[in-house]
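Before any comments, here is the structure.
The values are calculated or read from the model by the stated rules, or taken from the named source; none is laboratory data. Note that this is a predicted model, so its numbers are computed, not measured. As a convention, Cβ positions derive from the backbone with ideal geometry for all residues, glycine included, and neighbour counts pool all protein chains shown.
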Amino acid sequence: MTETYFLGLLAQFILAISIFPYTISIFRGTVKPNRISWFIWSVIGFAFWLITPATADEVTRMLTVIFMVNPTIIFILTLFKGEYIKPDRLEVFSLIVGLSAIVVWYFYRQSSGIFPISLAIFADFCALLPTLRFVFMTPDEEAPLAWICFFLGSFIALFGIENFTLESVLLPAYMTMGAFFVVSPLIRYRIRMKIPIRNWII
């Protein structure tokens, strides 16, 4: 087993288990995930899974499954456990522009260069916007553990890349940065409020 393969397995394990504390938090009502964000992320995950080539390595295939399954589960949970709030302008913008970017990306997915992956990242960023606003405005209503796991898993995935190219690095690098921007205000708030680490979990 090569070092990069081991790191890839470790990354997918961390990303896979990140859903468990988040799911518990949803059922307990201690987090309120943004429905628009998770819907877009589930569509993006499904699109990645759909077009993953059969020749892709095992780690890549498993990561695409995780990126599809985890957001879809969380989105479904928001339908039953979340409270319905009419989407505001930012959420409508994120939904329309994000889904439009996914459609454009689908038609250019086989193109060479960084354009297809840049479109995917742009769509993901549209999904991220409502969640970023939420954690900055109400850091007490989002638990950090799942996002810490997502940050660590994405960061480790950078070192699990076998073919180190700009195209292969862009997505995990963006995911690492995105998770960092989400988790930073959550951790900063809990440190400032002197909340015990045991209460960060769920």
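Per-structure values
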{"read-out": "Yes/no for Ala146 being within 20 Å of Arg35 (Cα to Cα), assigned to a helix (DSSP H, G or I), within 13 Å of the chain's Cα centre (by Cα) and at pLDDT below 90", "value": "yes"}
{"read-out": "Any pair with Cβ under 9 angstrom, 6 or more apart, that starts in the range 161-186 at a residue that is within 16 Å of Arg61 (Cα to Cα) and ends at one that is of a type in the set (D, E, K, R)", "value": "Glu162/Asp57; Ser168/Glu162; Leu171/Asp124"}
{"read-out": "Test: residue in the range 60-77 that is at pLDDT 90 or above, more than 17 Å from Trp147 (Cα to Cα) and either aromatic (Phe, Trp, Tyr) or part of a helix (DSSP H, G or I) (or both)", "value": "yes"}
{"read-out": "Search result, residues across the range 122-131 that are surrounded by fewer than 21 Cβ atoms within 10 Å (Cβ to Cβ) and either touching a Ser or Thr at 6+ places or on another chain (Cβ under 7 Å) or among the β-branched types (Val, Ile, Thr) (or both)", "value": "Leu129"}
